Structures are given as C-alpha cells and as structure tokens.
Amino acid sequence: DGFTYIPKADSFVVKADTDYIYMTSNNTIHGTEWHDFPSFDVPLFCDMSSDFLSRPVDVKNFDFIYAGVQKNVGPAGVVVAIIKDDLLKKVCRDLPLMLQYKTYVDHDSTYNTPPVFNIYFVNKVAHWLDDNGGLTAMLERNKRKAAIVYDVIDSSDGFYRGHARRDSRSLMNVTFNLATPELEAQFVAEAAEHDLIGVKGHRSIGGCRASIYNAVTEEGCQALADFMKAFQKKH
Ligand SMILES: Cc1ncc(COP(=O)(O)O)c(C=O)c1O
C-alpha cells in the first residue's frame with residue numbers, strides 16, 4: 001500500500017529454512033518507523049542507521065544491529081555494530097579480513113586506522129545525550145518535535161497530506177504531499193527563503209520531507225510549523 005504503514009509482527013509467515021530476518025527500524029524515504037519491534041525464533045538483524053540513539057532500544061532482543069552514525073550520532077564515516085558473541089562464531093564463509101566483524105572485535109576496532117576525529121565526535125554526542133537525560137529524554141523530546149509538525153498536517157483540512165498511517169509515523173522523517181507537484185515545488189522554494197532547507201522529498205517518491213533528527217531543535221520544528229501554516233493561508 002505504497003509503504004504507508006508498518007505491518008503487524010504476527011502477520012509474517014517465517015519459512016522453515018529461514019536463517020535470519022533482516023529489518024530496518026526507520027524508513028527515511030516513506031517516513032514510517034517501527035514503534036514496537038517484532039520477535040522471531042530466528043536471529044533478528046536490524047539496520048538502525050536512521051533512528052539509532054533517538055530513543056531507547058532493548059538491544060538484547062536483536063542478534064545484530066548496525067547503524068551508520070550520520071543521522072543522529074555524528075559525522076558520516078563511522079558505523080556502530082552490536083553483535084551477539086555466538087553469532088560471530090557462526091560466520092563460515094571465506095570472507096576478506098576487512099569484511100568480517102570478528103576482525104574488529106578481535107582488534108578492539110583498531111585493525112586498521114579508524115577515523116579518529118569522527119569517533120571523537122560520536123563520543124561528544126554520547127556525552128551530550130547523557131547530559132540531557134539520556135535516550136528516555138531524547139525520545140520524549142523527539143515525540144514533542146514530531147507532534148509540532150504532524151499537528152499542522154492533521155489540522156490543515158487536507159492541504160497537507162501525511163504519507164504514513166498515523167500509527168506508523170516516523171519521529172525522524174515527516175513525509176507529506178500537497179495538492180500538486182507544482183505547489184510542492186513552490187513550498188520547497190519558499191521554505192528555503194525562510195532558511196528551512198532540504199524539505200524536498202526523496203528523489204524516488206517526491207513530495208516533501210522534514211528530517212528532524214536529534215540535532216534539530218524544538219524551535220526548529222516550530223519554525224517549520226509556523227511556515228507551513230503561513231504557506232497554507234497564503235495559498
Ligand atoms: C536505514 C538506512 N540505512 C542505510 C542508509 C545508507 O547510509 P549510507 O549513506 O552510509 O550508505 C541510510 C541513509 O540514508 C538509512 O537511512
């Protein structure tokens with residue numbers, strides 16, 4: 001249905017010969033996010049690149065988590081990987097050393113020269129998260145931020161049309177459409193004049209998208225909401 005919702009966990013049929021299940025916690029393009037994670041009898045792998053450290057997650061429910069840090073945690077070039085010990089032992093393919101997680105575990109992530117400055121930056125952000133109440137506080141803050149923008153969509157009488165079903169809405173990427181592609185282009189252009197940059201949707205689906213990762217403030221979300229209301233009034 002146009003990737004507008006997150007399916008219910010019990011709607012999956014897991015085939016008998018399944019080795020693992022691979023999921024992505026937040027869909028940056030369509031603006032949907034898993035709010036309750038499913039669990040299965042087979043190992044669960046998750047790409048958390050776009051919502052890692054935006055909320056608490058019980059890591060023990062996953063066998064493998066990886067996340068590029070570039071959205072919520074630091075500059076591009078670092079990936080956090082969390083893998084169960086017994087899974088590491090199961091790798092039986094003849095992989096090049098650099099492509100094996102075991103290599104990084106065995107060498108304390110310094111088998112090669114790591115991007116030290118980027119990792120230092122991740123450390124700074126981790127301290128910032130700690131100093132600001134940790135992930136529980138970050139989730140509350142991200143909920144408040146998203147609500148500011150979704151509320152404008154929901155009270156716009158259809159001027160703004162949210163892409164994701166309400167129960168599946170992402171706290172990270174608010175996706176919506178306006179009546180026509182022309183009006184959307186005008187929205188993006190006028191937003192930029194108000195220093196609201198990058199509200200154009202992903203090139204694969206068009207429309208509009210506000211990405212409101214950890215670094216975006218509540219004031220930033222309010223500025224977008226105010227602009228959206230003014231734009232609706234004007235048009
Ligand atoms: C969930 C997810 N996985 C992977 C990627 C890709 O990351 P990279 O640009 O490092 O390839 C992104 C970024 O858009 C993402 O949101």
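The separation of segment 95-141 from segment 37-52, counted between C-alpha centres, amounts to 18 Å.
Distant-in-sequence amide contacts of Asn173, defined by a placed amide H-H separation under 5 Å and a gap of 5 or more residues or a different chain, comprise Ile212.
Within the listed set Ser109, Ser49, Ser156, the residue fluctuating most in the Gaussian network model of the chain (springs between alpha-carbon atoms under 10 angstrom) is Ser109. Summing +1 for each Lys or Arg and -1 for each Asp or Glu, what net charge is found among the other residues whose Cβ lies under 12 Å from the Cβ of Asn132? Net charge around Asn132: -2. From the Cα gyration tensor of segment 9-131, with a ≥ b ≥ c the square roots of its eigenvalues, which class applies: rounded if a/c is under 1.5, or else prolate if a/b is larger than b/c, or else oblate? It comes out oblate by the Cα gyration axes.
Whole-Hz Karplus values for segment 23-30 come out as 9, 10, 6, 9, 9, 5, 7, 8 Hz, taken residue by residue from phi with 6.51 cos²θ - 1.76 cosθ + 1.60 and θ = phi - 60°; glycine and proline positions read x. Quick check on my link table: of Lys145/Lys233; Lys8/Lys200; Lys200/Lys229; Lys145/Lys229, which ones sit more than 20 Å apart, alpha carbon to alpha carbon? Beyond 20 Å: Lys145/Lys233; Lys8/Lys200. Shape class of segment 80-235 from the Cα gyration tensor (axes a ≥ b ≥ c, square roots of the eigenvalues): prolate, since a/c reaches 1.5 or more and a/b is larger than b/c.
Tally the DSSP beta bridges in the chain and give the antiparallel ones as a percent, rounded to 5. Of those bridges, close to 70 percent are antiparallel.
Read the figures in this text as sums done on the coordinates, not as results from a lab. Please read these numbers as outputs of a predicted model, since none were measured by experiment. Cβ atoms come from the backbone with ideal geometry, glycine included; neighbour counts cover every protein chain shown.
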